[in-house]
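Structure first, commentary second.
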Amino acid sequence: MREELVALAKLAEMDDSARDIDAELKQIPQSLEELRDNVQTLETMLAQERQQLAEAEQLKVQQATELKERNEGLQRARKKIAQASSIREADAAEREVEVNRRFMKEREEELGRIGQTIEAKTASLTEREKDFEEAKGVLQAKAESSKARIVELEEQRGKMLNGRDELVARVPKSIVKRYERLKTGITNVVLIIKGETCPGCRMALPPQLTIELQRGNELHQCPHCRRIIIHKNVIED
Ligand SMILES: [Zn+2]
């Protein structure tokens, strides 16, 4: 069992040394994904603002057409006043003038508001386009540098884990399985202990366990945190 525990301790040490690399390898695609999300969000907002601007422009044309029509109506009504042959006709034409004037005033006010909207939208659209281009640039640069970094990390990892398979072969399959399972939930799964406390959770170990640990006849786990514990003497003897 000693041999196997030694191999397991070495395996864990090897995996621990590659832990930072593994973490970085895992983190790279995550941060790329975040940047991609950001670009996507900006693109959606950009499309929305372009749509809003297009709608405002459309509304402006519509209001301007109505204004023109009302103005023509006003001219016609004025002509009617000039040509009226009775007071009744003149009064009716006068009312027509008033109605057209009122509508024109409303259209003009509306056009003023639309103009302000268009101005504001155009300004924010320019900002948004700038943000979008910037985010796209950041993403592209990050994607390129990430590619290079991944190659570098994989190479380092390969070197660090050189001989891992041989170590795995020296540890019983059931123990490797247990080790791999524990590794997904906690860090420093295999700990070398000297005294009577678990260095992982700092809890005191039962005296009987401390004695058994020094014999190194079987695999032990900390009763508190489940980490695999191996006594220093077992490794060094
Ligand atoms: Zn523990």
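The values are calculated or read from the model by the stated rules, or taken from the named source; none is laboratory data. What you are looking at is a predicted structure, and each value in this text was computed from that prediction instead of being measured. For accessibility, only protein heavy atoms count, side chains too; no ligands or nucleic acids. Shrake-Rupley method; radii C 1.70, N 1.55, O 1.52, S 1.80 Å.
Things worth noting here:
- Computed over protein heavy atoms with a 1.4 Å probe, the carbon and sulfur contribution to the accessible area of the range 24-176 reaches 51%.
- For the range 126-165, the normalised intensity computed at q = 0.17, 0.21, 0.30, 0.35 Å⁻¹ comes to -0.58, -0.68, -0.89, -0.99 (log10 of I(q)/I(0), Debye sum over alpha carbons, equal scatterers, no solvent).
- Accessible area (Å², per residue) of the chain, counting only protein heavy atoms and a probe of 1.4 Å: 66
- Span from the the range 19-44 Cα centroid across to the the range 181-224 one, whole angstrom: 37
- Once the chain from R2 to A148 is taken as fully extended at 0.36 nm per residue, the excess over their C-alpha distance is 48.4 nm.
- Under the Karplus curve 6.51 cos²θ - 1.76 cosθ + 1.60, θ = phi - 60°, whole-Hz ³J(HN,Hα) for the range 174-181, x wherever Gly or Pro sits: 4, 6, 4, 4, 5, 4, 4, 5
- The range 155-199: proportion of alpha-carbon pairs further apart than 14 angstrom, %: 66
- Over all pairs of different C-alpha atoms, the range 7-46 has a mean inverse distance whose reciprocal, the Kirkwood radius, equals 12.4 Å.
- Over all orientations, the range 1-152 has a Cα convex hull whose mean projected area works out to 14.5 square nanometres.
- Taking N as its residue count, the alpha carbon Rg of the range 151-237 over 2.2 N^0.38 Å: 1.23
- Amide H partners (placed H, <5 Å) of I229, local residues excluded: L191, H220, Q221, C222
- ³J(HN,Hα) computed for each position of the range 214-222 - Karplus, 6.51 cos²θ - 1.76 cosθ + 1.60, integer Hz, glycine/proline x: 5, 6, x, 8, 8, 7, 10, 10, 5
- Angstrom value of the Kirkwood radius, inverse mean 1/r, which spans all Cα pairs in the range 69-191: 23.2
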